[in-house]
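Following: one structure in structure tokens, then a few remarks.
The values are calculated or read from the model by the stated rules, or taken from the named source; none is laboratory data. All figures in this text were calculated on a predicted structure; none of them were measured in a lab. No Cβ is skipped: glycine too gets one built from the backbone with ideal geometry, and neighbour counts run over all protein chains shown.
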Amino acid sequence: MSTRYPTDLPAVPPHRWQARIIDDGCDPDETSAWVRLTIDAADAGEAERRALAWIDYDYEDDCRGAVADAHETDTPGRWLVRVQLFARPR
């Protein structure tokens, strides 16, 4: 499942769902960038929405058209999310 921005995003709490950036980068053609992070959530959809909300709240990135994909980790309640940010909204 993927979540595309904009969607209904939750309010970002002070603890930021313990979000931590793993790595990030830019595609070779520089039309998009990506970030991989871990975040606390009950399921994949919640992890995707939280990741988009966190980026939208804490950074100045333009999230229009961004897509988030979450995958379970070995730690229950912890998710690995990859967010793709596009130079031009999709």
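Results, tabulated for the structure shown:
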item	result
Test: residue in the stretch 4-22 that is at pLDDT below 95, within 20 Å of ALA87 (Cβ to Cβ) and crowded, with 16+ Cβ neighbours inside 10 Å	yes
Restricting the stretch 50-90 to residues that are basic (Lys, Arg) and more than 18 Å from ILE22 (Cα to Cα), the residue that is modelled with the lowest pLDDT	ARG90
Count of residues meeting criterion [in contact with a strand residue (DSSP E or B) (Cβ under 9 Å, 6 or more places away or on another chain), surrounded by fewer than 15 Cβ atoms within 10 Å (Cβ to Cβ) and of a type in the set (A, V, I, L, M, F, W, C)] in the stretch 23-68	1
Meets criteria (of a type in the set (A, V, I, L, M, F, W, C), within 21 Å of PRO14 (Cα to Cα), surrounded by fewer than 20 Cβ atoms within 10 Å (Cβ to Cβ) and in contact with a strand residue (DSSP E or B) (Cβ under 6 Å, 6 or more places away or on another chain)) for LEU80	yes
